[in-house]
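Everything on this sheet refers to the single structure shown next.
Bear in mind that the values in this text are calculations on the coordinates, not laboratory data. Remember, predicted model here, so these are calculated numbers, not experimental data. Neighbour counts are summed over all protein chains in view; Cβ atoms, including those assigned to glycine, are modelled from backbone coordinates with ideal geometry.
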Amino acid sequence: QVQLVESGGGLVQPGGSLRLSCAASGSIFSIDTMAWYRQAPGKQRELVASITSGGSTKYGDSVKGRFTISRDNAKNTLLLRMSSLKPEDTAVYYCYAWMRVTGATMTTNYWGQGTQVTVSS
């Protein structure tokens, strides 16, 4: 069974920093793109940042210059460093991976359970 497990969420004051981690585990053959999405109450899930297996990154306009995505391909982990946090960054953050499990012929979407990030004074 393959799973993505996020950690690192919590409460932080405006202007503060936080780091999210995501660990992929199970019978993984390969991981292509990994990403962080977020969903605030009453809003649609939106892309925060993505990174390919080769290291190419993409960021949502609202987080450019403040968030940094990275991954460790050897450990199947994904990181998101968030700085200069704003109240509007408050959301549940989800880890995403486009990956192929051992024995499968196709890559599939996988999602973590999500971790809450609250930015408030």
Practice prompt. Residues in segment 69-109, backbone N under 12 Å from the label point at Glu46 (7 Å along the Cα-to-beta-carbon vector): list them, ranges by number please.
Written response: 88-91
Worksheet entry | Residues with amide H under 5 Å from that of Gly114, placed H, sequence gap 5 or more | Glu6, Cys95
Fill in: Magnitude of the charge dipole, the chain, Cβ model with Lys/Arg +1 and Asp/Glu -1, debye to 20
120 debye
Discussion item. Per residue of segment 109-121, what does 6.51 cos²θ - 1.76 cosθ + 1.60 with θ = phi - 60° give for ³J(HN,Hα)? Whole Hz please, x for Gly and Pro, Karplus curve as stated.
Written reply: 6, 10, 10, x, 7, x, 9, 7, 10, 10, 10, 7, 8
Practice prompt. Give me the percent of DSSP beta bridges within the chain that run antiparallel, rounded to the nearest 5.
Written response: 95 percent
Worksheet item: Given Gly60, Thr115, Ala35, which one lies farthest toward the positive end of the charge dipole of segment 1-116, if we put +1 on the Cβ of every Lys and Arg and -1 on the Cβ of every Asp and Glu?
Response: Gly60
Item to complete: Show which lysines lie in cross-link reach of Lys86 when reach means a straight Cα distance below 19 angstrom and same-chain residues fewer than eight apart are skipped.
Response: Lys43, Lys64
Fill in: Under-5 Å amide H pairs with Gly16, H placed in peptide plane, nonlocal only
Leu85
Worksheet item: Between segment 1-43 and segment 65-121, what's the alpha-carbon centroid distance in Å?
Response: 3 Å
